[in-house]
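Accompanying notes for the structure given below.
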């Protein structure tokens, strides 16, 4: 963790929780989709909807995102929208509904990821870039690995609905914790 940089510590902690939340579904996404459509093309199509909608929303964001003074707002909306999308998985019953949720997830991704990266870049300490990026990747890889194991355990023992509720709760904890702990933060 960055030693003196409180903003970056806060960003790492809360986004680490968020990465863990998102990682819970990991490879289980394909198993989830097969519950209501066993066609492999449906899995591909629904994942493509996420990626292509993310691309579309990123294109739009690239046109106005830098005009928004407080990048934290974009990150917070990214957390919120993805929490809504994850809880929405509970109500999906067909590929059409799943594609709508995936498009919503793409919007959250498009708002959240570039704003996280912009905030990260703005708060890097001089002469510590490799160190701080490495520390972040350690958190991402560790959280993702643990999440895949935890997600498998949750689904096996309690089912997908508990998984999606857990993901959404963790996303809301991230949103609230990050918001409360960065209200007065300025660049260090």
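Each value in this text was obtained by applying a stated rule to the coordinates, not by laboratory testing. Small disclaimer: the values here were computed from a predicted structure and weren't measured. Reconstructed Cβ throughout: ideal geometry from the backbone, glycine too, with neighbour counts over all protein chains shown.
Observations
- Pairwise Cα inverse-distance average, inverted: Kirkwood Rh of the chain (Å): 17.2 Å
- Placing R0 at 45 angstrom, the Cβ-Cβ distance between residue 38 and residue 181 gives a FRET efficiency of 0.55 after rounding to 0.05.
- Relative contact order (percent, whole number), the range 7-181, Cα cutoff 8 Å, 6+ residue spacing: 44 percent
- Spin-label model, residue 70/residue 51: points 7 Å from Cα along the beta carbon direction are separated by 3.6 nm.
- Over the residues of the chain, the helix contribution to mean residue ellipticity at 222 nm works out to -27500 deg cm²/dmol, using -39500 (n - 2.57) for each DSSP H run of at least 4.
- Degrees between helix 40-64 axis and first principal axis of the chain (Cα, 0 to 90, nearest 10): 30 degrees
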